[in-house]
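Shown next, in structure tokens, is the structure this report addresses.
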């Protein structure tokens, strides 16, 4: 049962990250995932200080607020003419630094383990359970991430059309009256939600990995957006299952192992993807050459 | 002040980027049912003009009316073909899907494109001679084919006024002919088409009227009247040389 | 005098002094390298390389079993280089774009690092390397030896950058041109990556991952506001980096038990914000003032132009405001302009019995209108005959520089006459119109 809960948590994180990550990749703002996952730290600490406990809702609100602040700051820096890489770096390092200072300043009030925030401890997930009317409903983290997954799924289903056209051709989207900025912030909001729902169990770094790596793998395997979304989820789930068993085998950090598997799957796609793999392309070239010579 | 007969009337439109004004005090009424060329040198603000009309760029001053009403109210009457380079052609989607995006404006917020929309999109692809490529991944299309897909998407918008940004850049001769043919058909149906264009050789052949632009409106009117050597010289300044004893125009630099 | 006292206390503490020296020279060095990274649009590389160093450090420890900082340095440098090569391969051989490649490499390398780290922690008890120290740095715990290594390496990096300044400049500015004149740009790029990796690695211990990402980009981004020249930008960036390092360490040392890393980041951000707002020319404030001035200028020019053409056409030089607005509806929005022009003595406004204003130009006002229209028309013919006239018309065309050089004026005036564009009404001398 313990195995099951851990794998389920990892799979839910990978699932929800996987398909919203696809849009980050297609919009060429992949590094925003990294930026947001760092920038929500002050939001979490402030929510902590105000509410006084580790309640999920205040932390969620704090994270969304700071995720959006981060996006807005990056956007406004870019509008004043700062180049994009600088805008991202300056913003998230600053917000993260503020977060750390808050943690050290209020270290007595804040029972927040920084190591845990950044790397998570998915191994503890099964022990922190919810009980309602005396029945054990399963780990808290599973419910949290499950809710985030459902939320993202509903949002993407509802706004699929808008997300797609604003990713492909924002100018045309704006011309036909789609609120491009609002859709952008919706996406960033979803990323903040997923990040905060996952970081406690899997940590900020796995969130970044799961946002981008499965999506990039899927991007190499298909030419359809809808298929890409499904494949990204699948790759994420597979990485979390295999990653868990690798971690058991090595007696090492579970989230890290899931990342490694995701990375390996990416390398496989990079080399052997039927259409875009470099080895596949070489092989096809060689065969064409051979058939020309004969 | 505003001319409710004209499909597009622009009043005192100025656009400024960070440092300097790019367009100054443009006043223009587009004649209905014509193919209109927007002509001017690089950096004259041709694309800027279109984008400002469509509300994609903030205007420093001025107003734009589509059939006498604001652009927001009349959005459904307008089709837009951006420059081909403005999008990522590696996007995981096929040609028909791109054309279907033309229907999104009509569909509203939550409705999905249905079988009818697909049929309509397919017929648009047919018009530009691309029906065989409907399921082709868009990165595997040539530049000319990509431009045709964009044109088909604009047709799918089923608009009354079309704005096209440099549709002839980097396309083969066959595509250029096909595009012009489609545009002429649109015109024959009474639609108004504004095209950003920079090849002076073909202006007289393609367009009914022109709008000569260099930061400000230099001249506008029917091609015969406005597309004169003198106006061109005003528009292009020293960058235009006119060979003596011939009507041929040459662009230097 | 409290501050002085704390300063003295601070300087009396030899260790604190060494730490201050260390962070300052680190800031200096990353400021220098950061300006090249910034111009090469590689601002996020610092972040990626810092994360990619973790598996290198762990591997070095696993393979040798020692905690020698130089071994860590070598290990981290190797994985950093591998990471940068991976990014190049991914973007070159697949359709994946650079930002995605950066994210992939960052997270996968870091994930691998965490796995190695937990592996070490579980297999050898008590010998923890301390992950949080790696992430946030622990400058206070640095000993003289660490600082010595850091100082020497940082100085070496700065020296290399100075020697290769020309090549690095080419790298940031125009790789294709560099290749065409025979520089091995691929090798130079690789070497630059190497320098960057080393800078990140020596900074990690003192400052941590996030801080290194900030130190490599923020001072450079701030310096960009102050100058248009690369050599000055590098110097300013180095100074800002050093100041951020020093200031952060100082604040951290005088109290509150705040860690140094985040404070250095915030100092750097403060310098960045100050530069962004107040730098002359490129700063937001300066730009805003300039924009306001341009807008005012454009409106004023327009007014004088309209008035002059109206006079030319009608021969009249007095109008009521109603007549003017009927001719030029756009002017009706510019009421402020009129009162300003009255104040400056360009026009006279008199209230008539019927409630309308009578507007007429004064002599200076008339001459101003004449100058404006002449300037505008001269520019027009200049643009038409750009090739026949020496000088660059573009720098006058945007209205920033209003002095047309004397030597081309006669030429332009004869052209104006040829095109019938000379103002038909004269300038005013002493006599009244």
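Read-outs: derived from the displayed coordinates by stated rules, not from any lab. Quick caveat, the model's predicted, so the values are computed rather than measured.
Starting from the Kirkwood Rh over alpha-carbon pairs, what translational D in µm² s⁻¹ does the stretch B:114-198 have by Stokes-Einstein at 20 °C and 1.002 mPa s? In µm²/s, the coefficient is 163. Which of B:218, B:39, B:66 ends up with the largest GNM mean-square fluctuation for chain B, with Cα atoms connected below 10 Å? Its mean-square fluctuation being the largest, the pick is B:218.
The fraction of all Cα pairs in the stretch C:255-344 landing in successive 5 Å bins from 0 to the largest distance is 3, 11, 14, 14, 10, 7, 7, 6, 6, 5, 5, 4, 3, 2, 2, 1, 0, given as whole percents. Comparing A:155, A:210, A:172 in a Gaussian network model of chain A (Cα springs below 10 Å), the most mobile by mean-square fluctuation is A:172. Per the Debye formula on identical point scatterers at the alpha carbon atoms of the stretch C:188-328, with no solvent, log10 I(q)/I(0) at q = 0.19, 0.20 Å⁻¹ is -1.09, -1.14.
Each part gets one Cα centre, and for the stretch A:173-191 versus the stretch B:104-172 those centres are 23 Å apart. Taken over the Cα atoms of the stretch B:17-71, the convex hull encloses 95 Å³ per residue.
Placing one identical point scatterer on every Cα of the protein assembly as shown and ignoring solvent, what is log10 I(q)/I(0) from the Debye formula at q = 0.06, 0.10 Å⁻¹? These q points yield log10 I(q)/I(0) values of -0.55, -1.26. If you average 1/r over every pair of different alpha-carbon atoms in the stretch C:3-282 and take one over that average, what Kirkwood value in Å do you get? Hydrodynamic radius (Kirkwood, Cα pairs) of the stretch C:3-282 is 19.2 Å. Each 5 Å bin from 0 upward holds the following percent of the Cα-Cα pairs of the stretch A:179-294: 2, 11, 15, 17, 17, 13, 9, 6, 4, 3, 2, 1, 0.
Per residue of the protein assembly as shown, the DSSP helices (runs of n ≥ 4 H) give a summed -39500 (n - 2.57) that works out to -21000 deg cm²/dmol at 222 nm. Ellipsoid semi-axes for the stretch A:21-84, based on the Cα gyration tensor and the rule √(5λ), read 26, 14, 7 Å when sorted largest first. Spatial offset of the stretch C:276-297 relative to the stretch B:44-78 amounts to 28 Å, using the alpha carbon center of each. For chain B, a Gaussian network of Cα nodes joined below 10 Å ranks B:112, B:24, B:136 by mean-square fluctuation, and the top entry is B:112.
Averaging the inverse of every distinct alpha carbon separation and then flipping it gives the Kirkwood radius. What is it for the stretch B:1-148, in angstrom units?
On the way: mean 1/r = 0.0568 Å⁻¹.
With all distinct Cα pairs of the stretch B:1-148 included, I get 17.6 Å.
Semi-axes of the equivalent ellipsoid of the stretch C:15-124 are 25, 23, 10 Å, computed as sqrt(5λ) over the eigenvalues of the C-alpha gyration tensor in descending order.
Evaluated at 10 °C with a viscosity of 1.306 mPa s, what Stokes-Einstein diffusion coefficient in µm²/s does the stretch A:188-240 have when Rh comes from the Kirkwood expression over alpha-carbon pairs?
138
Here the Debye sum runs over all C-alpha atoms of chain B as equal scatterers in vacuum, and log10 of I(q)/I(0) at q = 0.08, 0.12, 0.14 Å⁻¹ comes out as -0.32, -0.72, -0.97. Averaging Cα coordinates gives a centre for the stretch C:43-97 and one for the stretch C:189-204; these two points are 10 Å apart.
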